[in-house]
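See below for the structure under consideration.
The values are calculated or read from the model by the stated rules, or taken from the named source; none is laboratory data. If you're wondering where the values come from, they're calculated on a predicted model, not measured in any experiment. Cβ sites come from the backbone with ideal geometry, for glycine too, and all protein chains shown count toward neighbours. The accessibility values were calculated without ligands, DNA or RNA, using every heavy atom of the protein model including side chains. Shrake-Rupley method; radii C 1.70, N 1.55, O 1.52, S 1.80 Å.
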Amino acid sequence: MSARQASGTPSSGGFGAVPGRLLGGVRLFLLSLAGVGAIGHLIGWVALTTTLGPTAYVLLAHPESEGARLRSAVTGHVLAIAVGLACLAVFGLWSHPSIAQEHQETVQQIGAEALGVGLTLLLLHLCDAHHPPAAATVLLITSGLSRPGPPLYGLLVGLALVLAIAPLIGMATSRSGRRP
């Protein structure tokens with residue numbers, strides 16, 4: 001007998017779980033890949049960024065978790081964006097090339113990234129808005145990958161789409177009309 005069975009926790013394996021997993025995968029595909037990527041392409045910005053994958057996953061695959069609360073997700077990303085932009089200003093990196101362009105990080109970027117993640121985590125804790133993908137958002141900004149201008153606009157559009165569409169997809173694809 002497995003530890004999961006001994007504890008009384010239902011097993012997530014087996015053929016009975018396949019339809020639920022398939023439905024979850026379809027929801028993630030519709031939101032993450034097809035919808036946001038296509039809209040970003042149409043408007044000419046990169047809207048499908050690395051922070052959206054974890055955000056979509058948490059919202060759709062684990063809708064009952066604390067990190068999937070819409071309040072947590074919105075608060076988390078708003079705080080991360082504000083902290084990231086403040087760190088760019090404080091460290092004089094507003095117009096600095098991204099780490100992808102330079103192929104390395106400067107001491108200032110490392111400082112901005114570390115301070116940005118630390119402050120974001122602190123603020124999420126203080127606001128009781130736990131949303132782990134927000135740490136990726138602040139790193140995208142402080143590393144210069146989503147710096148002010150079109151890269152940041154694309155990130156904002158992608159986040160807005162995911163945060164607006166995820167609850168709708170969750171409700172539309174659940175059998176009872178409630179989020180799974």
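Has segment 144-155 got at least one residue that is under 22 Å from Gly44 (Cα atoms) and among the charged types (D, E, K, R)?
Yes: one or more hits.
So which residues in segment 36-52 are open to solvent by 40 Å² or more (accessible area, probe 1.4 Å) and either within 20 Å of Gly84 (Cα to Cα) or not in a helix (DSSP H, G or I) (or both)? Across segment 36-52, the qualifying residues are Gly44, Trp45, Val46, Leu48, Thr50. Scanning segment 58-79 for residues that are buried (at least 18 other Cβ atoms within 10 Å of the Cβ) and outside any loop (DSSP other than H, G, I, E, B) yields Val58, Leu59, Leu60, Gly67, Ala68, Ser72, Ala73, Thr75, Gly76, His77, Leu79.
In segment 90-180, which helices (runs of 4 or more DSSP H) lie fully inside it and hold 2 or more residues that are in contact with a helix residue (DSSP H, G or I) (Cβ under 6 Å, 6 or more places away or on another chain), modelled with pLDDT of 90 or more and open to solvent by 60 Å² or more (accessible area, probe 1.4 Å)?
Per the criteria, 107-126.
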